[in-house]
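This report refers to the structure that appears directly beneath it.
The values are calculated or read from the model by the stated rules, or taken from the named source; none is laboratory data. What you see is a predicted model; the values in this text were computed from it and never measured. Ideal geometry is used to build each Cβ from the backbone, glycine not excepted, and the neighbour counts take in all protein chains shown. The protein model used for the area step is the full one, side chains on, heavy atoms only, and it has no ligands, DNA or RNA in it. Shrake-Rupley method; radii C 1.70, N 1.55, O 1.52, S 1.80 Å.
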2 protein chains.
Amino acid sequence: MYDLPSKFTYGVVRSYMAARVPSGSADMAAVLPDEQLRYPGHQHSAEWWLFKDLLRRGPRDGPVAHVDDPRDADLFYVPFFSSLSLVVNPIRPPAAANASGAAAAYSDEAMQDELMEWLERQPYWRRNRGRDHVFICQDPNALYKVVDRISNAMLLVSDFGRLRDDQASLVKDVILPYSHRINAFQGDVGVEGRSSLLFFMGNRYRKEGGKVRDALFQILENEEDVIIKHGTQSRVSRRAATQGMHSSKFCLHPAGDTPSACRLFDALVSLCVPVIVSDYIELPFEDVIDYSSISIFVETSKSVQTGFLTSFLRKISAERILEYQREIRKVRHYFMYEEPHGPVNEIWRQVSLKAPLIKLLTNRNKRMVERGANATDCSCICSTNLNLGGD
Amino acid sequence: MYDLPSKFTYGVVRSYMAARVPSGSADMAAVLPDEQLRYPGHQHSAEWWLFKDLLRRGPRDGPVAHVDDPRDADLFYVPFFSSLSLVVNPIRPPAAANASGAAAAYSDEAMQDELMEWLERQPYWRRNRGRDHVFICQDPNALYKVVDRISNAMLLVSDFGRLRDDQASLVKDVILPYSHRINAFQGDVGVEGRSSLLFFMGNRYRKEGGKVRDALFQILENEEDVIIKHGTQSRVSRRAATQGMHSSKFCLHPAGDTPSACRLFDALVSLCVPVIVSDYIELPFEDVIDYSSISIFVETSKSVQTGFLTSFLRKISAERILEYQREIRKVRHYFMYEEPHGPVNEIWRQVSLKAPLIKLLTNRNKRMVERGANATDCSCICSTNLNLGGD
């Protein structure tokens with residue numbers, strides 16, 4: 001891990017706090033030492049926990065080791081809090097922040113530029129043009145201004161919704177789970193306490209792939225055993241979502257502005273079988289998780305046919321639902337950031353799996369002779385989607 | 001490993017022997033049990049040793065385990081002796097073979113077809129359309145007739161000279177070393193016993209990338225400290241090559257019909273620093289071997305400039321040559337099939353490194369919804385060759 005200037009990590013947390021809390025407590029936060037700063041509520045969990053995990057000293061049995069000498073490093077983690085940086089400035093700045101001037105001074109775009117200026121001065125960045133560097137940009141808009149300057153590197157992302165094929169791929173990058181926001185269901189597998197067939201609560205109107213949401217609302221909102229509600233994030237709606245996901249057999253997961261959303265992980269920790277309507281979704285840890293055994297995928301075009309979804313789901317037997325739930329229970333620790341063998345270790349394992357290919361390409365690059373000016377040299381793995389069927 | 005009908009493995013050896021040895025001994029070979037058949041001289045070593053290694057029972061500490069139940073397998077090795085099959089019929093069939101009729105009956109193309117017919121009936125082949133299968137085709141012409149039917153699978157090859165980008169890639173496939181044909185140099189590092197600057201012996205006339213050879217002959221054949229000889233494979237020329245490689249500082253490695261050749265590995269086991277003139281070469285185990293520290297790469301266009309190669313090589317100090325030799329000594333076990341920690345284990349390690357991505361893609365394929373008819377879906381890792389310099 002880079003010993004990045006702290007303005008790119010804890011400094012982002014301080015700016016975030018300064019923009020939100022009454023100026024007195026912000027001042028108090030300003031004098032707190034770094035190690036005493038705590039996880040700020042709205043940060044993507046992975047961003048915080050991967051950083052804290054690498055800071056942890058002492059023996060570790062995980063898939064990665066933190067080395068102090070950069071010459072020993074296979075990969076370089078750049079722990080910039082890129083997603084938190086994006087939301088430092090609240091949409092409507094509170095008066096307090098305006099008064100202190102602290103929030104107004106923060107610019108996410110400027111931070112992205114400063115990060116790149118800093119990196120581009122580092123010999124280890126220049127050595128392989130960033131190929132062996134790892135960035136976290138879990139929010140689809142994180143690092144957007146500099147994404148073309150870091151696209152050689154490994155990106156830890158939620159999906160490829162805003163990224164072009166030449167910026168990100170399954171070969172180069174790692175898909176992270178969002179952290180669930182509602183509490184895990186503590187009960188056993190079963191359908192008795194799950195009286196409603198299908199549950200969805202969220203924003204009815206979204207951009208791009210999320211336009212399907214409005215169509216789904218129209219089709220589903222008059223079905224008796226379906227709970228579908230327009231709602232935005234709040235403590236009240238979180239309570240309603242918990243209640244709904246813990247008492248439904250299936251939980252709808254339509255695409256949002258991009259193909260993925262945290263709702264999928266809420267459903268999984270609730271043992272509510274996800275019904276995924278998002279044709280371009282990518283899913284975390286798919287080498288160890290067979291998502292076809294823990295969720296149901298429905299093509300967008302089929303999902304908006306009147307009556308299709310409900311009649312399809314009603315035909316699924318209680319025994320089959322139990323099977324899905326049992327499979328979900330086997331893998332849900334992968335999505336619980338609070339678990340010792342949870343996502344943090346698994347993300348590092350995924351990162352480490354990419355290391356040999358990165359090493360191969362960096363070694364190869366050292367000895368490559370000119371194959372034509374600025375020729376792009378790609379290695380791919382392809383499959384032709386013959387759609388042989390299945391569910 | 002597949003329990004392939006033995007006609008695809010030992011059967012190929014029998015056909016090969018029958019076509020070459022006096023009919024009496026061929027009959028004897030025909031009654032030998034499979035386990036007593038020995039390595040036939042002209043087979044690519046990996047083909048034989050990978051097969052024998054997987055047959056070996058008992059505990060193993062290598063990177064792969066052989067499972068008996070296909071449900072437990074991550075990958076399926078198809079041990080067809082594809083390169084040996086290619087040369088079963090000698091170019092000029094001896095009279096004995098003609099008399100027995102055995103050699104005339106063997107058809108490599110028919111074998112390739114029969115292999116595919118057999119595989120395409122197997123449920124494990126059909127399950128993932130071959131994606132989790134591994135083929136060895138080290139000769140650039142091996143399996144050529146069916147290569148489009150197996151291009152989903154992992155291929156163990158020498159280079160990508162005859163393969164298109166959609167048939168093979170560094171992401172999907174593994175580059176194997178040829179086995180060296182001359183004896184390893186037993187002496188220490190040093191330049192004292194190495195009186196000649198540069199050595200090459202081989203076919204002067206080759207197709208495609210190998211056309212550079214004739215140009216190199218013209219430039220180099222009158223240089224006093226260069227030994228460059230036209231020669232084809234024979235016991236005599238092998239002895240001359242051994243002598244030459246053991247007593248030269250540098251060994252020329254121009255492209256042949258395809259970018260790679262066994263000569264590179266002869267040079268390495270001889271501690272003769274390879275001078276590689278082959279712009280499209282791919283090299284084995286490049287994640288663990290930095291070839292820029294054990295060999296010199298020269299662009300084809302530069303290598304044919306009069307005087308360039310020799311004056312460039314003469315400027316390299318004895319100390320620098322010793323450094324190259326020391327680095328070569330550290331890695332040459334990777335190229336010695338007779339070593340316990342040699343290429344066989346390393347090939348399996350390379351194969352096992354691909355398993356997670358293959359598993360990810362097969363899991364993903366199970367749940368993918370239609371993204372358009374016959375759409376090809378590729379994941380790539382790319383680099384733009386900016387040629388920042390180096391040596």
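Worth a mention:
- By the Cβ distance rule (another cysteine Cβ under 4.7 Å), the unpaired cysteines of chain A are A:CYS137, A:CYS262.
- Considering only B:LEU155, B:LEU55, A:GLN167, and ranking their Cα positions along the charge dipole of the protein assembly as shown that arises from unit charges at the beta-carbon of Lys, Arg, Asp and Glu, the one farthest toward the positive end is A:GLN167.
- For B:GLY41, the label point sits 7 Å beyond Cα toward Cβ; its separations from the matching points on the remaining copies run 8.1 nm, from shortest to longest.
- Crossing angle, helix A:318-331 versus chain A [Cα axis fit, 0-90 degrees, rounded to tens]: 10
- With R₀ fixed at 45 Å, the C-beta to C-beta distance from A:PHE217 to B:SER293 puts the FRET efficiency at about 0.15.
- Ranked from largest to smallest solvent-accessible area, with a 1.4 Å probe on the protein heavy atoms, B:TRP118, A:TRP348 come out as B:TRP118, A:TRP348.
- Whole-number percent relative contact order across the stretch B:196-335, with pairs defined as alpha carbons under 8 Å at least 6 apart: 24
- Across the identical copies, the 7 Å label point of A:GLU120, projected outward along Cα→Cβ, sits 5.4 nm from its counterparts, in ascending order.
- Chain B: angle of helix B:343-367 to the longest principal axis, Cα-based, in degrees nearest 10: 50
- The dipole here belongs to the protein assembly as shown: it is taken about the Cα centre, uses +1 on the Cβ of Lys and Arg and -1 on the Cβ of Asp and Glu, and is about 100 debye.
- Sites listed here are trypsin sites (Lys or Arg not before Pro) in the stretch A:232-321 whose DSSP assignment is loop and whose Cβ has at most 12 other Cβ atoms within 10 Å: A:LYS315.
- DSSP beta bridges in the protein assembly as shown [antiparallel fraction, %, rounded to 5]: 15
- Taking B:HIS253, B:HIS333, B:HIS42 as the candidate residues, the one with maximal mean-square fluctuation in a Gaussian network model of chain B, Cα springs under 10 Å, is B:HIS42.
- Among the chymotrypsin sites (Phe, Trp or Tyr not before Pro) in the stretch B:149-227, those located in a DSSP loop and surrounded by at most 11 other Cβ atoms within 10 Å of their own Cβ are B:TYR205.
- Projected label points at A:GLU338 and B:GLU224, each 7 Å from Cα along the beta carbon direction, are separated by 8.3 nanometres.
- Cα lying deepest toward the dipole's positive end in the stretch B:109-261, options B:PRO254, B:VAL146, B:GLY190, charges on Cβ: B:VAL146
- A:ASP74 accessible area, assembled protein chains, probe 1.4 Å, Å²: 100
- Principal-axis analysis of the Cα atoms of chain B puts helix B:45-55 at an angle of about 40° to the longest axis.
- Measuring from each Cβ of chain B to the axis that turns chain B onto chain A, the shortest distance belongs to B:CYS380, 2 (residue, then whole Å).
- Evaluated with a Cβ-only charge set (Lys, Arg +1; Asp, Glu -1), chain B carries a dipole of roughly 260 debye about its Cα centre, given to the nearest 20.
- Overall dimensions of chain A, expressed as equivalent-ellipsoid semi-axes from the Cα gyration tensor (√(5λ), whole Å, largest first), are 37, 28, 20.
- Between A:GLU323 and A:ARG71, the simple spin-label model (points 7 angstrom out along Cα→Cβ) gives 5.8 nm.
- Taking B:GLY210, B:GLY41, B:GLY193 as the candidate residues, the one with maximal mean-square fluctuation in a Gaussian network model of chain B, Cα springs under 10 Å, is B:GLY41.
- C-alpha center-to-center spacing [the stretch B:208-274, the stretch B:289-346] in angstrom: 13
- Sequence-distant contacts, meaning Cα pairs under 8 Å at least 6 residues apart, place the relative contact order of the stretch A:134-205 at 26 percent.
- Spin-label zone in the stretch B:260-302 - amide nitrogen under 14 Å from a point set 7 Å from the Cα of B:SER196 along the C-beta vector: B:267, B:272-273
- Top positive-direction residue, dipole computed over the stretch A:281-320 with Cβ charges, set A:SER311, A:SER301, A:ILE281: A:SER311
- Computed magnitude of the charge dipole of the stretch B:6-175 (debye, nearest 20; Cβ of K, R +1, Cβ of D, E -1): 160
- Relative contact order for chain B: 16 percent, from Cα pairs under 8 Å spaced at least 6 residues apart, divided by residue count.
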